[in-house]
Amino acid sequence: MPQKPDEENNCQTEGIFSPVAGIIGSLQANEPNLAGTARKNLARVSAKFATELGVKNGDLVTVSTDRGSLALPIEVSEILDGVIWLPRNGVGAESLRILGALNGDGVKVRKGI
């Protein structure tokens, strides 16, 4: 599970990937009227996980797998510790396509880009 950040807060830690599937995200890509209703793409983590990463609301984190990486701002939320929630089909943040990770897969998470 997650490790404590080093003194420079540049550690890379492991998290459990939890995408939120939604057909609306993929529909927004080519539909300007729907795209106007899109939620902001965020990575959500628990307060404990945010502390372990050395991040606060709005800070960027990079989530990566062997397939690719995705950088998003953090939002501290009430979710399970050690889990990172990402939009599955968000416009510009299609985590399934970019990371190739499914619900429950391990991913690498680090502060910054």
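The values are calculated or read from the model by the stated rules, or taken from the named source; none is laboratory data. Since the model is a prediction, treat every value here as computed from it, not as a measurement. With ideal geometry, Cβ positions are generated from the backbone for all residues, glycine too; neighbour counts draw on all protein chains shown.
Numerical summary
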{"item": "Test: residue in region 76-90 that is farther than 15 Å from Thr13 by Cα, touching a strand residue (DSSP E or B) at 6+ places or on another chain (Cβ under 7 Å), among the hydroxyl-bearing types (Ser, Thr, Tyr) and in contact (Cβ under 8 Å) with a residue 40 or more places away in the chain", "result": "no"}
{"item": "Candidate set from region 51-80 (those that are of a type in the set (A, V, I, L, M) and part of a loop (DSSP other than H, G, I, E, B)); member that is surrounded by the fewest Cβ atoms within 10 Å (Cβ to Cβ)", "result": "Leu80"}
{"item": "Residue match in region 92-112 (condition: more than 12 Å from the chain's Cα centre (by Cα) and more than 16 Å from Gly15 (Cα to Cα))", "result": "yes"}
{"item": "Enumeration of residues in region 66-94 that are at pLDDT below 90 and either over 13 Å from Arg44 (Cα atoms) or among the β-branched types (Val, Ile, Thr) (or both)", "result": "Asn89, Gly90, Val91, Gly92, Ala93, Glu94"}
{"item": "Single unsatisfied condition, Arg44 versus (1) modelled with pLDDT of 95 or more; (2) crowded, with 16+ Cβ neighbours inside 10 Å; (3) closer than 22 Å to Leu102 by Cα", "result": "(1)"}
{"item": "Enumeration of residues in region 89-113 that are at negative phi, surrounded by fewer than 20 Cβ atoms within 10 Å (Cβ to Cβ) and in a loop (DSSP other than H, G, I, E, B)", "result": "Val91, Glu94, Leu102, Asn103, Asp105, Ile113"}
